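Quick note: the coordinates plus some simple rules give every number you see, no bench work behind them. All values derive from a computational prediction rather than experimental measurement. We place every Cβ from the backbone using ideal geometry, glycine too, and count neighbours over all the protein chains shown.
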Amino acid sequence: MAAIDKQGLRSPMIHEKVAHWAALTPNAVAVRSASETLTYAELDRQSSALAGYLREQGIGTGSLVGVYFQPSPATLLCMLGILKSGAAYVPLDVANPSARLAQMIGQLADLKLIFTSAPFIANLGGQAVPVADIEQVRMLLEGLPVAQPSHWPVQENTLCYTVFTSGTTGVPKAVAITHRSWANLIDWHVREYGLGQDSNGILVSAYGFDISQRSLVTPLYSGAAISLTSSRMFDGYEIAGLIEQHRVASIHLAPSSLYLILQAGQAGEQLASLRHLFIGGEALSTARVVEWAKGKGAACNLIHQYGVAECTDVATCHRMVDYATYLTDGIPMGEPVGNCRVDVLDEHDCPVTVGETGQIVISGMGVGQGYLNNLTLQAERFRPMTVDGVTRAAYFTGDYARRKADGSFICVGRRDNQIKIRGMLVNLSEIENGVRNALDAVEDAIVLNTQALPGQEAELTAFVTTSDELPTLHDIGRQLSALLPNHMHPRRYVACKQFPLTQNGKIDRQALLNMG
């Protein structure tokens, strides 16, 4: 894979760009919801006032501040105010069960304060961390003189935000990202795809999800507006309506969210304003988007992305154009984002050759500071890598990719997504791709080992969403044989109206196992 690792001038930090637009276009809308709209001037002034409030509380560099309420314009106000103060913000999703929330907060030794709102204060009753009602704080600060955050310089190598990722363990892990890494990614997105003041966005994923941080700030970096929904639950029809109403042009989202938005909005012209869909977080089923992408969505660029929260969310991007190839071969990972490098290495840390599969390793500016309070995992995943005689800090993702003859790479998933069948190692992602491509009736497929007894031969079950009735198992096997050997064929198929989703908008595989 081509690697890029250029060092140039420092990218403006997020709050610096908001201040820039506040000076240039003070009356332009920055963030809107059904109940409140803030211009750039209002957002900049109020966030500066909040930064001053935090500094007066002794909160600044090295501190963490939680944000725990339903996303609203006050969410952006908190995020920017925290950044201006020198502290880092922690998005805490209100959908988290109390036990998981306590588990997350318990990992944050430097958490000094949690901003919340009246409906959610009771959920934080058992926590030792101070809590502040954001609306009461806003009223307290209204009309008071605002100190300029330039008096409190924020360093680019200090912490910017912390998000939680569960990975494959199910235990939330706190991931630390710096201003330098985040500004580099957002600045690259804006420049690479020509995002401007008309690149309005909308938040569709859960607030605690890493993709949501990019979704919220990319429009602000480019001088556009970010729209927020009113429903606490994902509502594709509301989102499609807001896309049309607010002329939304750019969305960052997971495939599972995309399918529902297309289903809700493609019958009419509600999605006509879309120009960029940045898709990541899980495997995309090309079959479920190709009709829209080549028809009513032809004016929209679909950007397929690979990345991990530990490396500032996005590591590679691929602009989708060759849909026929994707249906048979999968979607390439694409090229690394600016100032980042991506290698695919074998078990000896050497680049893989054509046809081989290796671990995806990320280095360069995107690599975050690591895990908070998890030294064992930190040492395992964040370690030096030497390639072409150069040693650099790197993150070993645990994800694997296969090198094709043309030099491109196809991500095949995690090693823990591999099982042995008749002594042969099988990657479930490969089977899923085969089922999607071999069966016309299948829109998407998730293949799981539903054998409950340890030590017994794997039982492959394909959970599928369908556009038509499935063929008989015999006919399925005949069609699948063109792409997969017999030992990789699922023995059972479960049709689903739609896949269950986690609170982060990804497919909930554990819920599917419970169904199976």
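Computed about the Cα centre, the dipole magnitude for the stretch 340-411 is approximately 200 debye when only Lys and Arg (+1) and Asp and Glu (-1) carry charge, each at its Cβ.
Put in line by how crowded their Cβ is, counting other Cβ atoms within 10 Å and starting with the fewest, M515, M333, M320 read M515, M320, M333. For the chain, the longest principal axis of the C-alpha atoms and the axis of helix 40-56 are separated by about 80°.
The distance separating the Cα centre of the stretch 213-240 from that of the stretch 50-102 comes to 19 Å.
Cβ-to-Cβ counts within 10 Å put E269, E432 in ascending order as E269, E432, the fewest first. The fraction of all Cα pairs in the chain landing in successive 20 Å bins from 0 to the largest distance is 22, 56, 21, 1, given as whole percents. Rounded to the nearest 10 degrees, the angle from helix 428-438 to the longest Cα principal axis of the chain is 70 degrees. Measuring nothing but how far apart in sequence close Cα pairs (under 8 Å, 6+ apart) lie, relative to its length, the chain scores a relative contact order of 12 percent. Against the chain, whose longest principal axis is taken from its Cα atoms, helix 179-192 shows a tilt of about 70°. In order along the stretch 489-495, the Karplus-derived 3J(HN,Hα) couplings, from 6.51 cos²θ - 1.76 cosθ + 1.60 at θ = phi - 60°, round to 7, x, 9, 8, 10, 10, 7 Hz, and Gly and Pro are given as x.
Each residue, R415 and A441, gets one label point 7 Å from its Cα in the Cβ direction; the gap between the two is 3.9 nm. With both residues required to sit in the chain, DSSP beta bridges show an antiparallel share near 65%.
Ranking P26, G434, F499 by how far each Cα lies toward the positive end of the dipole of the chain (charges on Cβ) leaves P26 at the top. With R₀ fixed at 45 Å, the C-beta to C-beta distance from L144 to R383 puts the FRET efficiency at about 0.40.
Relative contact order of the stretch 422-515, taken over Cα pairs closer than 8 Å and 6 or more residues apart, is 26 percent.
Fewest neighbouring Cβ atoms within 10 Å first, the residues H189, H20, H474, H318 line up as H474, H20, H318, H189. Placing pseudo-labels 7 Å out from each Cα toward the beta carbon at C350 and N373 gives an inter-label distance of 4.3 nm.
Reducing the stretch 386-415 and the stretch 457-487 to their Cα centroids gives an inter-centroid distance of 30 Å.
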